[in-house]
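**Student:** Before anything else, here's the structure in question.
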Amino acid sequence: MIFFLVTSYIILNEGRSITVKEQIILTISGVFLLYCIVARLFGIGPGMFIAIPVFIIVSIVVWKIKWRVK
């Protein structure tokens, strides 16, 4: 539900570019959605095993994009 709220907020902001904070929030909600799907299918352990590295990699990518934009 959080993922849908965030994506609908970003989609409905027509005419505005997505800010870095919105990218970070969308990334966090996307990784959380990935965790929920994997945890529901295979359990909490595999969900954490997949979600934590994905979150770290995506955070580094967003961090580099943030500093490249400025």
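**Student:** Listed residues Phe49, Phe3, Phe55; which is assigned to a helix (DSSP H, G or I) and either exposed (fewer than 12 other Cβ atoms within 10 Å of the Cβ) or more than 13 Å from the chain's Cα centre (by Cα) (or both)?
**Tutor:** The conditions single out Phe49.
**Student:** Give the number of residues within segment 8-45 that are at pLDDT below 80 and among the basic types (Lys, Arg).
**Tutor:** The total comes to 2.
**Student:** Let me ask another. If you check Tyr35, Tyr9, which single one turns out to be outside any loop (DSSP other than H, G, I, E, B), of a type in the set (Phe, Trp, Tyr) and within 11 Å of the chain's Cα centre (by Cα)? Before you say what the answer is, go through the steps one by one.
**Tutor:** Numbers: Tyr9 fails: within 11 Å of the chain's Cα centre (by Cα).
Answer to the selection: Tyr35.
**Student:** Take Ile25 and tell me if it is part of a helix (DSSP H, G or I), surrounded by 13 or more Cβ atoms within 10 Å (Cβ to Cβ), within 15 Å of the chain's Cα centre (by Cα) and of a type outside the set (S, T, N, Q).
**Tutor:** So Ile25 passes the test.
**Student:** Answer with yes or no whether Leu33 is surrounded by 13 or more Cβ atoms within 10 Å (Cβ to Cβ), touching a residue at least 24 places away in the same chain (Cβ under 8 Å) and in contact with a helix residue (DSSP H, G or I) (Cβ under 9 Å, 6 or more places away or on another chain).
**Tutor:** In short, yes.
The values are calculated or read from the model by the stated rules, or taken from the named source; none is laboratory data. Keep in mind the model is a prediction, meaning the values are calculated, not measured. FYI the Cβ positions are ideal-geometry reconstructions off the backbone, even for glycines, and counts take in every protein chain you see.
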